[in-house]
Amino acid sequence: MRPAVFQSTPPPRPSPVKLGVDQVRAWFGSHQVLHGIDMQIPEQSVTAIIGPSGCGKSTLIRSLNRMHELTEGARLEGRITLDGVDVYGKDVDPVLLRRRVGMVFQKPNPFPSMSIRDNVLAGLRLTRSLDRSRAAEITETALRGAALWDEVKDRLDTPGVSLSGGQQQRLCIARSLAVAPEVLLMDEPCSALDPVATSRIEDLIHTLKTTYTIVIVTHNMQQAARVSDYTAFLLTGELVEFSETNRLFTSPRDTRTEDYITGKFG
Amino acid sequence: MRASETIAMTTGSPDSTRTATELRGVPPRGERLIEMALAGAGLLTVFTTVGILMVLAVESFEFLKQVGITALIFDTQWTPLFADKHFGLWPLLAGTALTSLIAIAVALPLGLLSAIFMSELASERARKILKPALEMLAGVPTIVYGYFALVVVTPLLQRVIPDLGGFNALSAGLVMGIMIMPLIASLTEDALYSVPRSLREAAYALGASKVPTILRVVVPAAMGGISASVILAVSRAVGETMIVAIAAGQEPHLTLDPRVPIETMTAYIVQVSLGDTPAGTLEYRTIFVVGTALFLLTFGMNVLSYRLSRRFRGAT
C-alpha cells in the first residue's frame, strides 16, 4: 500500500523522505495499538495524522522519537528511519535521537520552576550543550521562531507558567526549537487552546515547515486540512489512507476515510 | 457520545409533582446524633490546644513577674535547680540547636537520596517494599533509639573520638537523624512522585537523559514539598525528647562542641518533671517557660512548612 500511494500520485514538489515508517506494530502490555503502519514522511512538509480517539495517533507519533518506550509495558516492532537510519538500531541512543526529533505536547508543559528564558534554554542546559556566550542570541532566535519574542522580550525573567495557555504552548515550541531539531512532532498542540491561540499556532506551523519537517497529530479535521501537506488517516491502529491533504479531503479513495471526514462517525 | 446525550434528555425529564412531595421531611434522628458526636470530637482537640496554651501562658506569666524577661535573654547560664540560680535560656537553645543540626545533617542527604531512588530509579516492586520498610523505621519507639545511642553508638564513636563524653550531643544527634530520615524520605518521595509525568516527558523530548531530568526538572518542581518535609523534620528534631534525655546528658552548657554533654529544652522539662520539684515554685514554673519557647519554635516551623507545601500545590 505504501509505495502505491506515492507512485500513483506524485507530490507537487518531490521531496526526499525524512522519516520512514515500515511495518510498525506497537503494544501496551498485551494490547496491540498499531497493526503494521507504513508511511514515508517527506522532508520540510507538514504531515497530519488524523483519526478518532484511541486509533493510535499518539502512539504512532510517540514512536517516532522513541517516547513510546518510556511507558511501562510498551513494546514496538518494525522499522522507523530518520534519513534512512533505523532509529531503533542497536547503536542508536534515544537521547541523541530526541535532540534531532523534537516534540510539543497536548497540554503546554513549561517547567514550573524556570523563567521564560530558562525554559527556552532548558534543553541545552539539560544536555550540557549550552554555549553561554550565545545564550542571549539562542533565546531570541528560538522565541522569534515561535512567534513569541515581541510578547515576552521585556519579561524574560518572569516564570514561564505566568504566560497564557497559548503563549505557554509557543514557549514550549521555542524550547524545542532551541535545541535545533530537524523534525518537530506535535501531539494535538492546540487541543487545550482557544481559537485565537490555535490560529496563531497554525500560522506558526506554516512558517516552521520551511525549516523543519513537521508531523502533527490532530483530532480536528479542519486543522489538518488547513495546516498540512499530507494527511494520514488512522482507524483502530491501521493506516487507512495516506496521501496529499488536498486529495484525501476532496477525493478519498477509501469509503471509511470518506465516512470519517464527512462526519458519519468519530 | 452524542447518542447518549439524546437518551439522557429524553429519559431525564423531571416529574414536578413527585419531587414536591419528596422534599418534605426531617433528617432522621440518628443522623443528628452522629453529626453532634463528630462535632464534639473536633471541638475536643480545639479545647485541648486552648487549654495547653492557657496553662503555658499563665505559668510563664507568673515566672516572668518574679524573674523578668531580661534574665532569660541576657544571662548565659541556666541553673534554676542550684542555689545560685541563673535563668539564661541560651544553653538550652544551643543544646537543642546542636542536636537538631546534627540530626538534619544526617537525615537530609540520606532522606533526599533515598526519596530520589524510590521515586525515580527503583522499580515499582522495589518501591513497594522499600517505602513501608522505611516508614517502619519511623515507628520505632524513641526510647529504643535513646538507648541505642547511649549503649551502641556512643561506645562505637569513642573508638574514633577518644575524648568523647559518655553523654554527648553527637551520638544523640546522629541517632535522631536516623529517626527523622524516614520522615524526610517519605514526604519527599510523595512530592517527587506527584510531579506531573508531562514535565519528565518534556525533558526527555528535549534529549535530556535521566539524571539531569531528575536533578534539574523533577527535584526543582517538587521543591515546595521537599522544603516543607525538611522543616517538619527539623520541628520533629527540636521537639524530640527521649533520645536527648537519655544519651545527651542533662548538663546545660552554652557550647556548640558536639563531644560534651549538653541539655536540650525538652530534656530539661523531663529532668524537672521527674524530680520532686513542688508545684507553684519558681523551679516548677521554669518548665512552662521552656515549654512556651519550645511551642513557639515548633509552631513557627509548622506554619512555615504548611505555607511552603501550599505554595507548592499552587504551583502545579
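Here are some notes:
- Residues in region B:160-206 that are more than 14 Å from chain A (Cβ to nearest Cβ), surrounded by fewer than 24 Cβ atoms within 10 Å (Cβ to Cβ) and either β-branched (Val, Ile, Thr) or within 30 Å of A:Glu182 (Cα to Cα) (or both): 3 in all.
- Note on region B:128-148: among residues that are at pLDDT 85 or above and assigned to a loop (DSSP other than H, G, I, E, B), the one that is farthest from the other protein chains (Cβ to nearest Cβ) is B:Pro141.
- Boolean, B:Leu297 is within 19 Å of the chain's Cα centre (by Cα) and under 23 Å from B:His86 (Cα atoms): yes
Residue by residue, here is whether (1) among the aliphatic types (A, V, I, L, M); (2) buried (at least 20 other Cβ atoms within 10 Å of the Cβ); (3) more than 7 Å from chain B (Cβ to nearest Cβ) holds:
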| position | (1), (2), (3) |
| --- | --- |
| A:Val95 | yes, no, no |
| A:Arg100 | no, no, yes |
| A:Val104 | yes, yes, yes |
| A:Asn109 | no, yes, no |
| A:Val120 | yes, yes, yes |
| A:Leu124 | yes, yes, yes |
| A:Arg128 | no, no, yes |
| A:Arg134 | no, no, yes |
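- Test for B:Thr266: is it at pLDDT 90 or above, among the hydroxyl-bearing types (Ser, Thr, Tyr), more than 16 Å from B:Ser100 (Cα to Cα) and part of a helix (DSSP H, G or I): no
- Answer residue from region A:170-183, given it is of a type outside the set (A, V, I, L, M) and either surrounded by fewer than 23 Cβ atoms within 10 Å (Cβ to Cβ) or within 12 Å of another protein chain (Cβ to nearest Cβ) (or both) and is nearest to A:Lys107 (Cα to Cα) among those: A:Cys172
- Matching residues in region B:211-242 - criterion: being of a type in the set (Ser, Thr, Tyr) and more than 14 Å from chain A (Cβ to nearest Cβ): B:Ser229, B:Ser235, B:Thr241
- Every listed requirement among (1) of a type outside the set (Phe, Trp, Tyr); (2) over 30 Å from B:Ile214 (Cβ atoms); (3) surrounded by fewer than 20 Cβ atoms within 10 Å (Cβ to Cβ); (4) in contact (Cβ under 8 Å) with a residue 40 or more places away in the chain is met by B:Leu44 save one, (4).
- Hey, A:Asp154 within 20 Å of the chain's Cα centre (by Cα), surrounded by fewer than 20 Cβ atoms within 10 Å (Cβ to Cβ) and more than 14 Å from every other protein chain (Cβ to nearest Cβ) or not: no
- Residue-level check: of (1) within 14 Å of another protein chain (Cβ to nearest Cβ); (2) in contact with a Lys or Arg (Cβ under 8 Å, 6 or more places away or on another chain), A:Met114 misses just (2).
- Pair list, Cβ under 6 Å, 6 or more apart: region B:139-160 residue touching a residue at least 12 places away in the same chain (Cβ under 8 Å), other residue loosely packed, with under 13 Cβ neighbours inside 10 Å and in a helix (DSSP H, G or I): none
- Counted residues, region A:68-91 - those being within 14 Å of another protein chain (Cβ to nearest Cβ) and either farther than 15 Å from A:Val21 by Cβ or in contact with a helix residue (DSSP H, G or I) (Cβ under 6 Å, 6 or more places away or on another chain) (or both): 8
- Test: B:Lys85 is surrounded by fewer than 17 Cβ atoms within 10 Å (Cβ to Cβ) and either in contact (Cβ under 8 Å) with a residue 24 or more places away in the chain or of a type in the set (Gly, Ala, Ser) (or both): yes
The values are calculated or read from the model by the stated rules, or taken from the named source; none is laboratory data. For clarity, every value in this text was computed on a predicted model and none was experimentally measured. Neighbour counts are summed over all protein chains in view; Cβ atoms, including those assigned to glycine, are modelled from backbone coordinates with ideal geometry.
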